[in-house]
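Read through the structure below, which is laid out as structure tokens, and then see the notes.
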Amino acid sequence: MSDLNGVFNVYKEAGWTSFDVVAKMRGLCHIKKIGHTGTLDPAATGVLPVCVGKATKIVSLLADDTKTYRAGLRFGLRSDTQDMTGQPERTASEEEVAAITPEQLQRTAGSFVGGYDQIPPMYSAKHYEGRRLYELAREGQEVERRPVRVIIDELEAEMTGDGEAEIIVTCGKGTYIRTLIADIGEKLGVGAVMTSLCRIRVGRFDIADALPISRLQELADAGQLGEAILPVDQVFADLPAVTVGIRYERMALNGNPLPIEAVSPSAEGEAVRLYTADTFVGLFRRGDSDGLWRPDKMFV
């Protein structure tokens, strides 16, 4: 199976670390070149795209993709980890929590849409003077962290029970959902902690199509693992597909700039998927100054 090249849409189950998933997939694929596109905490579930072979070249691109999460939360509590794995302490009475209306919740949650400065949690993999913040947190230390600008594209919130709610948030890279929940709770004046987290979408990868490790194991045992992989070029199916002319094939395969007439059909956009007659070459982008097509990512 060493010729596998593409992306698996893996459903990460609770209890697995992202590293556990990658290690298991490395064994199933019998391949060393493998990586995931965005860490999920062990307790979290959901979409974890895993790139194998030549697709490892796009790990950073997929990591930058917009992500959508569904998260549960409980009002009236604060935790050192900002979720229920830490040490929750009560910050508001039941009466204060019960006074929160659905309209107030949605209005407050909606105020975070756009860019906002988020302070990374102590229990995170961010670095501070050469060490991970979670290492310092486990030693009982708390250090000053600089706010990071994060982008919240969409945020819907609804009450789900006494003192509990659910949010669905679409956001950019680097957003901590448990911190967002804590910030919503602080703005409401009662505090809040995250009770569950599921990533339901990463770019074009949707949870409806994600496969658990157990199913991928069955496919591997049957010699059918390749059926579950999305080829590299299809990750970029939203980009126009063009074919390079025969006389320019060698130039394309060597990653040289190509004149406009080298590809067909004529492409209007700035970026394209470029193919020879039978091979996906890579992503090419047209320069503003000279109009030449230049390689952005090569896969040959």
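The values are calculated or read from the model by the stated rules, or taken from the named source; none is laboratory data. The structure presented is a predicted model; accordingly, all values stated were derived computationally and were not measured. Cβ: placed from backbone, ideal geometry, glycine included. Neighbour counts: every protein chain shown. For the accessible areas, the whole protein counts, side chains as well, though only heavy atoms, and no ligand, DNA or RNA atoms are used. Shrake-Rupley method; radii C 1.70, N 1.55, O 1.52, S 1.80 Å.
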**OP:** Go through the stretch 37-47 residue by residue and turn each phi into a ³J(HN,Hα) via Karplus (6.51, -1.76, 1.60, θ = phi - 60°); whole Hz please, and just put x for glycine and proline.
**Re:** 10, x, 5, 10, 4, x, 6, 7, 10, x, 6
Original post:
So how do Y123, Y275 rank on accessible area, 1.4 Å probe, biggest first, that is with the largest at the start?
Top reply: Y123, Y275
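With a 1.4 Å probe and every protein chain kept in, tell me what percent of the accessible surface of the chain is carbon plus sulfur. Please list the in-between numbers first.
On the way: 7240 of 15230 Å².
Within the chain, the accessible surface is 48 percent carbon and sulfur.
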**OP:** Please list, in chain and number order, the residues 5+ apart from Y275 or on another chain whose amide H is under 5 Å from its amide H, with Hs placed from the backbone.
**Re:** V242, T243, V244, V281
**OP:** Using +1 at the Cβ of each Lys and Arg and -1 at the Cβ of each Asp and Glu in the chain, identify which of L258, L73, F284 lies farthest towards the dipole's positive end.
**Re:** L258
Subject >> Rounded to whole Hz, the Karplus (6.51, -1.76, 1.60) HN-Hα couplings of the stretch 146-157, x for glycine and proline >> reply: 7, x, 10, 6, 10, 10, 10, 7, 9, 8, 10, 9
Subject >> Protection proxy ranking of 47-54, 32-39 - average other beta-carbon atoms within 10 Å, highest first >> reply: 47-54, 32-39
Subject >> Angle between the chain longest axis and helix 177-188 axis [Cα atoms, degrees, rounded to 10] >> reply: 40
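Near D20, within a Cβ-to-Cβ distance under 15 Å, what is the net charge of the other residues, with Lys and Arg +1 and Asp and Glu -1?
Numbers: positive: K12, K24, R26; negative: E13, D41.
Result for the neighbourhood of D20: +1.
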Original post:
If you average the sequence gap of Cα pairs under 8 Å that are 6 or more apart and divide by the length of the chain, what percent do you get for the contact order?
Top reply: 21
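Net charge around R146, counting only other residues with Cβ within less than 11 Å of its Cβ (Lys, Arg = +1; Asp, Glu = -1)?
Numbers: positive: K126, R145, R149; negative: D117, E144.
Around R146, the charge tally is +1.
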**OP:** Using the heavy atoms of the protein chains and a 1.4 angstrom probe, tell me the accessible area per residue for the stretch 1-160 in square angstrom.
**Re:** 53
**OP:** Would you mind checking which residues have amide H under 5 Å from G6's amide H? H placed 1.01 Å from N; only 5 or more apart, or other chain.
**Re:** V52, K54, A55
Original post:
So what are the ³J(HN,Hα) numbers for the stretch 78-87, from phi and the Karplus equation (6.51, -1.76, 1.60; θ = phi - 60°), rounded to whole Hz, Gly and Pro as x?
Top reply: 9, 9, 5, 9, 6, 9, 7, 7, x, 10
**OP:** Using only Cα atoms, tell me the angle between helix 18-29 and the longest principal axis of the chain; keep it within 0 to 90° and round to the nearest 10.
**Re:** 30
